[in-house]
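In what follows, a single structure is set out as structure tokens and then discussed.
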Amino acid sequence: MRCLRGADLTDAQKTDIKALFDSARPGFEADVAAIRAARQKLHDDANAGADKSVLGQDYLNAQAARTKLQTDHSAVQDQILAKLTGDQKTKVQSCFASSGQKMGAHSGTQF
């Protein structure tokens, strides 16, 4: 969000981007819940002495849930970047690169 604040967004862009975040939020929350559940199952199965094949599948399930969240974040990022002018996009991408951050779905949508 910090990177978007420095992009001098128009009011229309702010409205559109906030709407993107608002519509994506339930999916992100579901993704995070799926990651937590998969990690908890892995932890519980490990503590219960489950077979290695069960633990392996638990690990793969946790990784798949994490990958889904990353894919969903990337899709929203692409949608947001599409709303920006060339100069704005360059500023935002440069900010991401310099800070090592990725655009996230953390609820604060203030620009």
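The values are calculated or read from the model by the stated rules, or taken from the named source; none is laboratory data. Just so it is clear, the model here is predicted, and its values are computed rather than measured. Backbone-built Cβ (ideal geometry, glycine too); neighbour counts: all protein chains shown.
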### Task
Would you point out which residue out of Lys18, Lys14 is over 18 Å from the mean Cα position of the chain (by Cα), charged (D, E, K, R) and in a helix (DSSP H, G or I)?
Lys14
### Message
Given the criterion outside any helix (DSSP H, G or I) and at pLDDT 95 or above, identify the matching residue among Gly27, Gly49.
### Response
Gly49
#### Entry: Cβ-Cβ under 6 Å pairs, at least 6 apart or on other chains, the range 11-34 side surrounded by 12 or more Cβ atoms within 10 Å (Cβ to Cβ), far side of a type in the set (S, T, N, Q)
Lys18/Thr109; Leu20/Gln79; Phe21/Thr109
### Message
Please go through the range 72-111 and give me each residue that is loosely packed, with under 11 Cβ neighbours inside 10 Å, closer than 15 Å to Arg25 by Cα and modelled with pLDDT of 85 or more, ordered by number.
### Response
none
### Message
Against the definition (part of a helix (DSSP H, G or I), modelled with pLDDT of 95 or more and farther than 26 Å from Ser23 by Cβ), how does Asp44 come out, yes or no?
### Response
yes
